[in-house]
1. What does the charge add up to near Leu93, with Lys and Arg as +1, Asp and Glu as -1, over the other residues with Cβ less than 15 Å from its Cβ?
2. The list (i) 20.4, 69; (ii) 20.9, 64; (iii) 23.5, 82 gives values of Rg and Dmax of the Cα atoms in Å, and only one came from this structure; which label was calculated from it?
3. Which part of the stretch 68-87 falls in the paramagnetic zone of Asp49, meaning amide N under 13 Å from the point 7 Å along Cα-to-beta-carbon?
4. Cα centroids of the stretch 154-227 and the stretch 73-110: how far apart, whole angstrom?
5. Using DSSP, restrict attention to beta bridges with both residues in the chain and report what percent are antiparallel, rounded to the nearest 5.
6. Within 11 Å, Cβ to Cβ, of Thr56, how many net charges do the neighbouring residues add up to if Lys/Arg are +1 and Asp/Glu are -1?
7. According to a simple spin-label model (label point 7 Å from Cα along Cα-to-Cβ), what is the distance in nm between Leu360 and Asp252?
8. Computed over the Cα atoms, what is the radius of gyration of the stretch 256-337 divided by 2.2 N^0.38 Å, N being its residue count?
Amino acid sequence: MTIKLAVLPGDGIGPEVVGAALEILDRAESLFGFRTERTTYLVGGCSIDKHGIPLTDEAMAGIAKADLALLGAVGGPKWEGLKYEVRPERALLRLRAELGLFANLRPATVFPELADASSLKREIVEGVDVLVLRELTGGVYFARPKGVTKNEQGERYGVNTMAYSESEIRRIVKLAFELARLRRKKVTSVDKANVLEVSELWRNIAIELHKEFPDVALEHMYVDNAAMQLIRNPRQFDVLVTENLFGDILSDEAAMLTGSIGLLPSASLGQASGNSGIRYGLYEPVHGSAPDIAGQGKANPIATVLSVAMMLDYSLGQQKAARAIEKSVRDTLAAGVRTPDIAVKGQAAASTREMTRALLDHLKA
């Protein structure tokens with residue numbers, strides 16, 4: 001079967017890290033006997049520069065027809081003065097909404113060789129392997145009413161609404177239990193049920209769903225405590241599931257446990273498809289477009305490479321290929337190869353090209 005892959009290089013270092021990841025994908029295809037057919041689309045600032053908007057209808061239609069999408073990064077200071085509705089990040093919101101990408105998976109794994117690169121002590125972060133599962137298409141970012149008006153006193157008045165339906169909560173929490181079954185069988189559901197009615201509903205549905213997964217442990221944690229516990233004892237977490245706003249914050253906090261945001265992949269998944277066996281997913285590194293180092297060969301491609309591994313794992317069922325890519329990353333780091341973001345003081349840093357070559361050298365069936 002040939003998989004149709006939409007390639008969205010994006011802005012800044014996006015084209016560099018996507019190019020590196022596609023080289024790794026080429027090697028994985030030759031080693032494990034599958035094939036992708038790729039089409040490139042402009043998304044984000046590069047689309048604004050050419051078309052005046054961050055995502056054209058034509059690009060959206062092409063991306064929707066693909067089986068999967070690989071994204072570099074979007075945005076940068078160049079476009080920050082634009083109106084919100086035409087900023088590069090609006091493309092991401094449209095992609096999530098129209099593709100039904102309701103689940104954002106953000107693994108934060110601390111590689112032993114890089115434990116000392118974390119802002120926290122080695123004894124705190126060593127062995128950390130947490131998966132933050134963030135609901136992506138509901139909550140305060142999408143619900144209405146929203147906007148800035150004036151109140152009865154004539155003051156400017158801003159409002160955003162946090163809202164979730166039962167079905168929205170049920171599908172993300174169910175996925176959390178399913179993913180936990182493949183890991184260490186523990187789910188931490190994060191909410192603010194002591195003050196928010198929407199969180200009370202979230203917690204009640206999590207309790208109801210847990211009956212279908214008796215082999216998976218379930219605990220509930222208020223979001224403020226969860227933020228503290230991620231710093232105090234991150235090894236206690238396996239799968240951490242939460243709503244959109246809380247997940248946005250906690251996933252970035254978890255990312256910093258690892259020592260560099262340049263190491264962290266992510267996946268945004270939709271509902272499982274029918275007969276094809278492919279679950280649509282948008283795969284991208286957690287880091288931004290880093291325009292300050294774009295074109296200098298300093299970008300770390302590992303996050304995007306690991307995003308490809310997630311794509312093979314979660315959408316294509318190519319677990320052997322995914323594990324091989326992950327092993328190539330571990331072996332490359334064990335060999336001491338470091339891009340500038342993870343190099344220790346006095347160490348010669350590898351370029352993006354050199355890191356990619358090292359990953360290819362270590363990638364074996």
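The values are calculated or read from the model by the stated rules, or taken from the named source; none is laboratory data. Note that the coordinates shown come from a computational prediction; the quantities given were computed from them, not determined experimentally. With ideal geometry, Cβ positions are generated from the backbone for all residues, glycine too; neighbour counts draw on all protein chains shown. To get the accessible areas, we keep the full protein, side chains included, count just its heavy atoms, and leave off ligands, DNA and RNA. Shrake-Rupley method; radii C 1.70, N 1.55, O 1.52, S 1.80 Å.
1. +2
2. (i)
3. 74-79
4. Cα centres, the stretch 154-227 to the stretch 73-110: 23 Å.
5. Here the share of antiparallel DSSP bridges comes out near 40 percent.
6. Spelling it out: positives minus negatives among the neighbours equals 0.
7. Roughly 3.5 nm, to one decimal.
8. 1.22
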